[in-house]
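To keep things clear, I will list the structure first and then write my remarks on it.
Every read-out reported here was derived from the displayed coordinates using simple, explicitly stated rules and does not represent laboratory data. On a predicted model such as this, the values are computed, not experimentally measured, just so you know. Here the Cβ is made from the backbone with ideal geometry for all residues, glycine too, and neighbour counts use every protein chain on show.
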Amino acid sequence: MIGDLFHMLIFPGFLFLVVFALAAEWVDRKFCAKLQNRVGPPWYQPLADLIKLAAKEDLIPESVDRGMFMFTPTVALASVVTASLYMPIWGRQALFSFRGDVIVVLYLLTIPTVTFFLGGWYSRSVYSMIGAGRTLMQLFAYEIPLFVSILAPALLANTWSISEMSSFYRDHGWLALFNVIGLGVSLVALMGKLERVPFDIPEAETEIVAGSFTEYSGRLLAMFRLAISVEMIVGATLIGAVFLPFGLDFGPPIGFAFYLAKTLAIVAGLTVFRTVFARLRIDQMIDFCWKYVAPVAFVQLLVDLVVKGIVTT
Amino acid sequence: MKRPGRMVREVLDSVFRKAATTRYPYGKYSMPGKFRGKLDFCAEKCIGCRMCMKDCPTNAITIRKVGEKQFEAEIDLARCIYCAQCVDACPKKALEATGDFELAGIDRAKLKVVYRGKPASEPEKKT
Amino acid sequence: MHESHDVKVPIGPQHPALKEPESFLVTLNGEKITQLGVRLGYNHRGIEKACEERTYVQDVYLVERICGICSHSHATCFVQAVEEIAALDVPRRAKYIRSLIGELERIHSHLLWLGVAGHEIGFDTLLMYTWRDREVVMDLLAEITGNRVNYGMNTLGGVRRDISPEQKQAVLKGIDALEERTKYYIGIATEETTILKRLSGVGVISHDDTIRLGVVGPTARASGVERDIRRDDPYAAYDELSFKVITTNTNDVFGRAVVRLLELMESYSMVRQLVNNLPDGPIAVKAPRKIPAGDAFSRYEAPRGEDAHYVKANGTDKPERVKVRAPTLANVQAVAHMLKERYLADLPIVVAAIDPCFSCTDRLLAVVDPHETGSGVITWGQLHSYSIEWYRRRGVDFSRLNETFRAGKDNG
């Protein structure tokens, strides 16, 4: 019981996730600065930003529903932290795993997007409502490719548990090569989920100020931003667990190092995408996702079904 | 020839280049040669014609008589726009623009600088 | 709730999309813009009136500060008008130096625009790279003129500073480096898919509408309207330079980007011609303090389009009337036309594509009286007495303000 509490709150639970999220945010910002030929922030900048936001006053507009306004950031942060409990950090076993946890994790990762929508909607400001609407429109575009590209390898591995998927692909390494298309698709869909350029349409600074977060300030905004950073880590961990199954057999220190390397490599890849693309318009993004990304995801599904058929005979 | 991610190569090369930003004020920065910064007034050359006062767009400079053929100048650094028109207007070249641009302060009174000539003893430039 | 599902979104006066305050009241239906209302006047500083209270020499610096990016354009335009009234014969070397600074300013402005356009479509890397390259031009200008913006190069009758041979070499080297970078940016703008998606087909205005709405500058040249004051009504040294007037036919924001990029290449060649053929001679003629009575209208091709100044002199050392018509005033009326039935996401880039400089534009103020309908124009005298009366009704007496102000000035 004490051990479980320790795991949930300290490591690899809440505290570790917060520290790692801030570190990954620093890696993202520093790497982005280097790519843009700038200097970039010092290592303590994300922590300083968090503390500064937490120390400021929460300004809640008069006409909003206070309960929902304050509830949504908490739910966002809670759901991403919960999602991390089902993913293997090192070794082959996650903290709590059961058959079917990949579905649970995917739904837990959808909850933050819904809270962005609700937070923006309940803010009752024009910019927030437009941003909230765009969040949902974007959800409909990338959610299917994300689900399909994560579930296709699950089909091949014959299990709905993330830990067992990782183990399966570690043992049958060459089968993981058939999932390369899924890796690409899930990276694109993850960019949509995290609302990063080229898909940061719901939070387009030059069009709608800050989208859903326009009316948020102080600790509530700090929770939202922390939730986004943790979501980045959790999404990268998910992709690493499903598509990059190596380094699982070493003991804690080396296995942990492999995990850090995998996750930060995915974060670095997302950063490069952030720097080389412009922001798309919402209709262009939906076009792109449904015309190109979703069919490729279904191709991956087909490939996995075919391979599974061949392998099991 | 449309290509997504056209900037990738350049962007990845930038990682190995030095940053284009100067870490001012930890890194020193100075403006090129004839930058128009804070003015310098040589009271010995001034003849009190007050052409500089007439031409100053913001009335930043005031020439006062302090003795027989002796003048002092008071320049309000906050009003001055560093155009150096007074430098051009002075027939005796008594004014000159230095390259000093780090003039910020927290006391408005200190921004009025008075330039006096040398009396018999040491020069007294109050800043 | 509401019968129509139209939402009114205020873009401005303070908004991250706008670099300067201006109010666009957008009526949205979903993501589509159904109506656009433009209100100008947030940057009105009373510059035209202030010019009447200062001498011509002081006015050169005041007019220069109408805008930071097109400061040399305004200063040169004003000085040309005054020189025409006074019938001064500006030496050739001064004209060449004026054109050189003007072209360097155009290079600086177009590079800045490229960065701003990149930022408006979410492409921050382009912003960082182009502004890094802009530093080359700004250092050159600081070397030659003594300041990075608001160059103070012009004076009545010529220019104030001369160019040394080392500075000429530095200019040529800087231009070579910038030409390499600009070729790279032309490649990016024409080939990067996301940029093409955001810029093509956006902000379309037809050739005929461009002429009808009076659009000027690169915005007009992107719709095939071939107008450039440097060729049509040459001033300074432009009648001795050979250059092309760049136009495209795409009528959209992408065309405007291409026009500006190719104009950069033309500017590089013009700078080389100016530096290599710089004639010898004096850099200024002596200008009288009191300009004889008369008036003049002068035009200049600023980086944003046609800039027009009208100066009326009455024989004293202060002008009687100075009127400034900035290019953005001509272009901003086309914005409402371009954004009809387009998406909200296009608004920042369409506004940015006309290269707005609202500091240049705001020469008048529209005051809305909620109790009155219709609009009218009042003269300066009426406005003066109306404002004194307005304050007197509230217990403040400003009628003796002029005397108090002058008394206070002597005390420092």
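The figures follow:
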| read-out | value |
| --- | --- |
| Neighbouring partner chain Cβ atoms per residue of C:206-218, average, 10 Å criterion | 0 |
| Trypsin sites (Lys or Arg not before Pro) restricted to DSSP loop in region A:127-209 with at most 11 other C-beta within 10 Å | none |
| Largest-first ellipsoid semi-axes for region C:12-65, taking √(5λ) over the Cα gyration tensor eigenvalues, angstrom | 37, 11, 7 |
| Proxy reagent accessibility, fewest Cβ within 10 Å first, across A:Leu53, C:Leu261 | A:Leu53, C:Leu261 |
| Least to most buried among C:Val322, C:Val204 (fewest other Cβ within 10 Å first) | C:Val204, C:Val322 |
| Computed E for A:Asp58/C:Glu191 - FRET, C-beta separation, R0 41 angstrom, nearest 0.05 | 0.30 |
| Whole-number D in µm² s⁻¹ for chain B, Kirkwood Cα-pair radius fed into Stokes-Einstein, 10 °C, 1.306 mPa s | 89 µm²/s |
| For C:Val202, distant residues with modelled amide H under 5 Å away | C:Val253, C:Phe254 |
| Chain B - percent relative contact order, Cα under 8 Å, separation 6 or more | 27 percent |
| Candidates A:Leu280, A:Leu17, A:Leu238: whichever shows maximal mean-square fluctuation once chain A is modelled as a Gaussian network with Cα springs under 10 Å | A:Leu280 |
| Relative contact order (%) - region A:53-312, alpha-carbon pairs under 8 angstrom, separation at least six | 31 percent |
| Förster-model FRET efficiency, 56 Å R0, B:Ala19 and A:Arg99, C-beta, rounded to 0.05 | 0.65 |
| In sequence order, calculated HN-Hα J values of region C:299-306 (Karplus, 6.51, -1.76, 1.60; Hz; x Gly/Pro) | 10, 8, 8, 6, x, 9, x, 7 |
| Extension gain (nm, one decimal) between C:Arg272 and C:Phe243, 0.36 nm per residue minus Cα-Cα | 9.3 nm |
| DSSP H segments from chain A that extend 24 Å or more along their own axis, Cα-based, with Kyte-Doolittle mean of 0.5 or above | A:14-35, A:66-84, A:101-122, A:126-157, A:218-243, A:252-276, A:294-312 |
| For region A:1-50, alpha-carbon Rg and Dmax in angstrom | 14.6, 50 |
| Longest site-free stretch - chain C; sites: trypsin sites (Lys or Arg not before Pro), DSSP loop, at most 10 other Cβ within 10 Å | C:1-285 |
| Rg to Rh quotient for the protein assembly as shown, alpha carbon positions, Kirkwood Rh | 1.04 |
| Axial C-alpha extent at least 18 Å, average Kyte-Doolittle at least -0.5 - helices from chain C (DSSP) | C:71-86, C:92-120, C:124-145, C:253-276 |
| Cα-only radius of gyration and Dmax that characterise region A:63-202, units Å | 17.1, 58 |
| Number of partner chain Cβ atoms within 10 Å, mean per residue of A:277-290 | 5 |
| Rg(Cα)/(2.2 N^0.38 Å) for chain C, N = residue count | 1.05 |
| Sparse-neighbourhood loop sites, GluC sites (Glu not before Pro) in region A:1-103 - DSSP loop, at most 13 other Cβ within 10 angstrom | A:Glu57, A:Glu62 |
| Solvent-free Debye scattering, log10 I(q)/I(0), computed from the Cα coordinates of chain A at q = 0.07, 0.13, 0.14 Å⁻¹ | -0.27, -0.96, -1.12 |
| Förster radius 22 Å - calculated FRET efficiency between A:Asp65 and C:Thr27, Cβ distance, rounded to 0.05 | 0.25 |
| Helical contribution to [θ] at 222 nm, DSSP H n ≥ 4, -39,500 (n - 2.57), averaged over the protein assembly as shown, rounded to 500 | -16500 deg cm²/dmol |
| Inter-centroid distance (Cα atoms) of region B:97-120 relative to region C:192-220, Å | 51 Å |
| Sorted by Cβ neighbour density within 10 Å, fewest at the top, the residues A:His172, C:His371 | C:His371, A:His172 |
| Kirkwood Rh (inverse of mean 1/r, distinct Cα pairs), region C:261-396, angstrom | 20.2 Å |
| When region A:146-262 is reduced to its Cα atoms, the Kirkwood hydrodynamic radius in Å | 16.0 Å |
| Peptide-level mean, for A:39-46, of C-beta atoms on other protein chains within 10 Å | 1 |
| Loop trypsin sites (Lys or Arg not before Pro), region B:1-69 (other Cβ atoms within 10 Å of the site Cβ: 13 or fewer; DSSP) | B:Lys2, B:Arg17, B:Lys18, B:Arg23, B:Lys28, B:Lys69 |
